[in-house]
Amino acid sequence: MSPRRLRGVLLLTAFALALVPALAPAAMAADALSLTTPFPAVSVSPGNRVTFNLSVKTAGSSRVDLSLAGVPSTWTATLHGGGFIVSAVQTSGTAATEVRLDIDVPADATGTTHLTVTARGNGATATLPLDITSESNASGEVKVSSDITSQKGPSDQTFTFSLNVSNQKDQDLTYSSTSGTTPPGWTVNTTLTGSSQATSATVKAGGTSGVTVTVKAADDTEAATYPVQIVTTVGTEQFTTDLNVEITGSYKVAFGTDQVFSARGPAGSVTEQTFTITNTGTAPVTDLRMSATPPSNWTVTFDPESKDTLAPNDSVIFKARITPSGSAISGDYSITFKATAKEASTTADAGTVRFTVETSILGAIIGAAVIVAAIAGLYWVFRRYGRR
């Protein structure tokens with residue numbers, strides 16, 4: 001190698017060695033501390049919480065202090081680690097140490113807010129800018145809905161509605177439900193899905209849950225449409241569901257208050273018994289008929305056989321023709337009578353009649369004749385053969 005070229009190589013080597021002390025600290029500082037998060041810019045609905053997962057890593061084991069800047073006075077920002085609120089972490093020098101940053105965004109937040117997390121340790125400083133944009137429904141909506149909002153039936157029916165609670169937010173929410181405005185005397189109960197006795201439950205983030213609503217009208221509620229209001233609270237939001245129950249009236253039939261439930265007659269003969277049936281409900285009943293459950297081999301017929309329509313508070317008289325079996329012995333028997341319409345019937349124990357079978361006049365005459373004949377026969381026998 002020529003002397004001139006050798007001098008050039010030596011000069012380049014000297015220049016490179018002169019730069020090493022200047023570059024080494026910068027390279028070491030870059031590797032000494034890192035602070036990262038997967039998603040440093042997010043959008044959120046006002047009134048919700050934002051969570052950032054932070055990773056702190058150092059080249060060697062070291063304590064790293066953490067601080068926050070740019071947090072508005074009405075916001076709350078907290079660093080969590082190991083189940084505690086923290087302001088510093090101890091790194092191992094190998095794996096990253098995880099820290100959770102929770103930020104509560106107030107309901108009146110607007111626009112984009114810039115925050116900075118600063119980490120200091122291992123002779124280095126690292127900063128992490130974070131951007132939070134407040135947008136309506138940015139983190140999902142909560143909805144409460146019902147497939148069926150109106151039902152129809154008599155006042156003695158229990159109406160059941162199902163509400164669906166949808167949580168499309170990114171966090172679990174507590175929900176509860178109760179009745180709002182209801183007609184006087186009505187009973188309205190709400191049951192949370194999977195929690196029959198609980199007053200509140202949790203709907204998972206991105207999930208759904210339900211509320212079962214049962215509605216029982218007051219007795220003898222008149223025919224009309226009645227509003228029933230259900231109030232469901234999910235997280236901090238409140239939802240009102242308006243339901244409607246159309247009462248077609250109450251359907252009730254009963255025996256008259258002066259009804260006699262006893263009768264008597266001879267075996268094998270017809271005995272008539274009248275029954276007064278009254279519509280005690282608030283709506284007409286149709287196809288009203290009488291029926292009976294008599295003892296074996298007895299017959300019971302009715303006149304009329306049926307009543308097409310019976311208006312509220314009106315009454316109809318049915319005449320029952322009761323024929324005991326010809327072989328029925330004297331005594332008391334029970335016959336169950338029942339009035340049944342398409343919409344209602346009398347109670348099972350309301351129409352029990354005690355029927356007394358009497359000895360017939362012909363039977364009494366024949367019995368007396370038999371007794372007289374027996375006495376006469378004995379008299380004749382004693383008179384003819386007694387003196388021998």
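Taking the residues in segment 31-42 that are modelled with pLDDT of 90 or more and small (Gly, Ala, Ser) as candidates, determine which candidate is surrounded by the fewest Cβ atoms within 10 Å (Cβ to Cβ). Selected residue: Ala41.
Total residues in segment 317-357 satisfying the condition of being β-branched (Val, Ile, Thr) and open to solvent by less than 10 Å² (accessible area, probe 1.4 Å): the figure is 5. The strands (runs of 3 or more DSSP E) falling completely within segment 222-283 that include 3 or more residues that are of a type in the set (Gly, Ala, Ser) map to 262-266. Name the one entry in Gly268, Gly256 that is within 30 Å of Gln157 (Cα to Cα), in contact with a strand residue (DSSP E or B) (Cβ under 8 Å, 6 or more places away or on another chain) and at pLDDT below 95. It is Gly256. All conditions but one from (1) open to solvent by 50 Å² or more (accessible area, probe 1.4 Å); (2) at pLDDT 95 or above; (3) not hydroxyl-bearing (Ser, Thr, Tyr) apply to Leu288; the one that does not is (1).
From the set of residues in segment 181-209 that are buried (at least 16 other Cβ atoms within 10 Å of the Cβ) and in contact (Cβ under 8 Å) with a residue 40 or more places away in the chain, which is farthest from Glu246 (Cα to Cα)? That would be Ser209. Would segment 134-151 turn up any residue that is in a loop (DSSP other than H, G, I, E, B), out of contact with any His (no Cβ under 9 Å at 6 or more places or on another chain), free of Cβ contacts under 8 Å to residues at least 40 places away in the same chain and farther than 30 Å from Asp219 by Cβ? Yes, segment 134-151 has at least one match. Of the conditions (1) open to solvent by less than 60 Å² (accessible area, probe 1.4 Å); (2) within 16 Å of the chain's Cα centre (by Cα), Gly281 satisfies every one except a single condition; which number is it? Failing condition for Gly281: (2). Of the residues making up segment 143-178, those that are farther than 30 Å from Thr248 by Cβ and modelled with pLDDT of 90 or more are Lys143, Val165, Ser166, Asn167, Asp172, Leu173, Thr174, Tyr175, Ser176.
No other residue among Phe239, Phe275 is touching a residue at least 12 places away in the same chain (Cβ under 8 Å), touching a strand residue (DSSP E or B) at 6+ places or on another chain (Cβ under 7 Å) and under 19 Å from Ala350 (Cα atoms) apart from Phe275. Within segment 104-119, the residues that satisfy the criterion of being under 38 Å from the mean Cα position of the chain (by Cα), of a type outside the set (A, V, I, L, M, F, W, C) and open to solvent by 30 Å² or more (accessible area, probe 1.4 Å) are Asp104, Asp108, Thr110. Within segment 291-331, the only residue that satisfies the criterion of being farther than 30 Å from Ser250 by Cβ, at pLDDT below 95 and assigned to a strand (DSSP E or B) is Gly331. Residues being under 46 Å from the mean Cα position of the chain (by Cα), part of a strand (DSSP E or B) and modelled with pLDDT under 90 are represented in segment 46-64 by at least one member. Within segment 288-321, the set of residues being touching a Pro at 6+ places or on another chain (Cβ under 7 Å) and over 13 Å from Ile277 (Cα atoms) comprises Trp298, Val300.
Within segment 126-180, the set of residues being open to solvent by 50 Å² or more (accessible area, probe 1.4 Å) and under 27 Å from Pro38 (Cβ atoms) comprises Thr127, Pro129, Asp131, Glu135, Ser136, Asn137, Glu141, Gln168, Asp170, Gln171, Asp172.
Condition first: open to solvent by less than 50 Å² (accessible area, probe 1.4 Å) and either in a loop (DSSP other than H, G, I, E, B) or within 22 Å of Ser43 (Cβ to Cβ) (or both). Now tell me which residues in segment 81-103 satisfy that. Matches in segment 81-103: Val86, Gly93, Ala96, Leu101, Asp102, Ile103.
The values are calculated or read from the model by the stated rules, or taken from the named source; none is laboratory data. Keep in mind it's a predicted model, so treat the numbers as computed, not measured. Using ideal geometry, Cβ is built from the backbone for each residue, glycine included, and neighbour counts are taken over all protein chains shown. Note: areas computed on protein heavy atoms with side chains; ligands, DNA, RNA excluded. Shrake-Rupley method; radii C 1.70, N 1.55, O 1.52, S 1.80 Å.
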